Amino acid sequence: MGISVYIADVRPLLVPEVFERLLCRVPAYRQEKAKRFKFPGGRAQSLAVGLLLKKACSDFGIAGADEHVVLGENEKPDFANIPCDAGLAKNGIATKAYFNLSHSHERAMCVMAPYEVGCDVEQIKGDHSKLAERFFMPAENAWIQAAGARFDSDGAAQSKARDIAFYRLWTLKECYMKVTGRGLSLSPEKFSLEFKADGGILLHHDGPRPEYLFRELDLNDGYRYAYCLKGASADEPVNIVHVNLEQL
């Protein structure tokens, strides 16, 4: 079993007929969660991540595992019971499957891997400099400012570059907060991320933590996607799956 990242546009689920047709495809707990949202956008997002998780389980040979999801401390989701299947074997050794879910506005994301994982997607919007000053380390804020500095005379380009840099940091930090299982109880100013010259990202949390591998996706769609894996090797292949929810 490898690492797979599933991405979907949730807008097809805003059509009532499509939403109702696909709602019965997910487990009862996901149906109830989706229906509890007051607005169509929230319902679509919740159903979308449920559909992505179901597809991921099917692709990984553990169909039905999504029907037995439990929430741990700080509501980190995990499988309660995974059917035995050769698809879970890695180098002939049985292993555990982990997953994480995220959604933002019109996008949904699911990552499944044989490693503990956290993921996050965020729509790029607005100036969040005050938020960065509050929750990011000085070196991280300097990195955000440097991202816009190369556009000397173009104020709009400077602002856009800083916005993208902010959301790169925010999604990466959110991933680590989720993979630890601590979520928002681990405040983002308690640790820092260093962008290395070779393109790698090093976590500093009570010292360097190289066992956490960070990855980003830039699909040029106005969103930033990121995920964090504990114990994965940097050269392990990743499968990116774009899912058309309407065709499920």
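The values are calculated or read from the model by the stated rules, or taken from the named source; none is laboratory data. Everything numeric in this text was worked out from a predicted model, so none of it was measured. All Cβ positions, glycine included, derive from the backbone under ideal geometry; neighbour counts span all protein chains shown. Each accessible area value is taken on the protein alone, full model and side chains, heavy atoms only, with ligands, DNA and RNA left out. Shrake-Rupley method; radii C 1.70, N 1.55, O 1.52, S 1.80 Å.
Mean separation of Cα pairs under 8 Å and 6+ residues apart, divided by the residue count of region 118-242: what relative contact order is that in percent?
Relative contact order, region 118-242: 30 percent.
Calculate, in nm to one decimal, what residue 63 and residue 187 gain on full extension: separation in residues at 0.36 nm each, minus their alpha carbon distance.
Computed gain between residue 63 and residue 187 is 41.1 nm.
Measuring with a 1.4 Å probe in the full set of protein chains, what accessible area per residue, in whole Å², belongs to the chain?
Spelled out: the 1.4 Å probe surface of the chain, per residue, equals 50 Å².
Count the net charge of all other residues whose Cβ sits under 9 Å from the Cβ of residue 119, scoring Lys and Arg as +1 and Asp and Glu as -1.
So the surrounding residues net to -1.
When the accessible area of the chain is computed with all protein chains present and a 1.4 Å probe, what percentage of it is carbon and sulfur? Don't skip to the answer; put the middle values down first.
Details: 6280 of 12330 Å².
Carbon and sulfur together cover 51 percent of it.
With labels modelled as points extended 7 Å from the Cα through the Cβ direction, what inter-label distance (nm, one decimal) is found for residue 160 paired with residue 14?
Those two pseudo-labels are separated by 2.3 nm.
Computed over the Cα atoms of region 158-204, what is the convex hull's projected area averaged over all directions, in nm²? List each step's numbers first, then the result.
Working: hull surface 15.0 nm².
Projected over every direction and averaged, the Cα hull of region 158-204 covers 3.8 nm².
So what is the relative contact order for the chain, in percent, with contacts set as C-alpha pairs under 8 Å and at least six apart?
23
Would you please put 222-234, 126-138 in order of how densely packed they are, using the mean number of other Cβ atoms within 10 angstrom per residue and starting with the highest?
My ranking of the peptides, most packed first, is 222-234, 126-138.
If each residue of separation counts as 0.36 nm, what is the full-extension length gain between residue 80 and residue 125 once their alpha-carbon separation is subtracted?
12.5 nm
If you take the square roots of the eigenvalues of the alpha-carbon gyration tensor of the chain and sort them as a ≥ b ≥ c, do you get rounded (a/c under 1.5), prolate (a/b over b/c) or oblate?
oblate
How far apart, in nm, are the 7 Å Cα→Cβ label points at residue 153 and residue 246?
Computed distance between label sites residue 153 and residue 246 equals 4.5 nm.
For every helix of n ≥ 4 consecutive DSSP H residues, a contribution of -39,500 (n - 2.57) applies; sum these over the chain, divide by its total residues, and give [θ] at 222 nm rounded to the nearest 500 deg cm²/dmol.
Working: 6 runs with 81 residues, N = 248.
Roughly -10500 deg cm²/dmol at 222 nm, from the helical runs in the chain.
If you take every residue apart from residue 4 with its C-beta less than 12 Å away from the C-beta of residue 4, what net charge results, scoring Lys and Arg +1 and Asp and Glu -1?
Values: positive: 55; negative: 59, 236.
Result for the local shell: -1.
Between residue 39 and residue 236, what FRET efficiency follows from the Cβ-Cβ distance if R0 is 30 Å, with the result rounded to 0.05?
0.20
Taking a ≥ b ≥ c as the square roots of the Cα gyration tensor eigenvalues, with a/c under 1.5 meaning rounded and otherwise prolate when a/b beats b/c, else oblate, which class fits region 147-239?
Taking the square roots of the gyration eigenvalues as a ≥ b ≥ c, region 147-239 is prolate.
Roughly how large, in nm² to one decimal, is the mean projection of the convex hull of the alpha-carbon atoms in region 115-175?
For region 115-175, averaging the hull's shadow over all directions gives 4.7 nm².
Quick check: pseudo-label points 7 Å beyond the Cα along Cα→Cβ at residue 220 and residue 105, how many nm apart are they?
So the two model labels end up 1.8 nm from each other.
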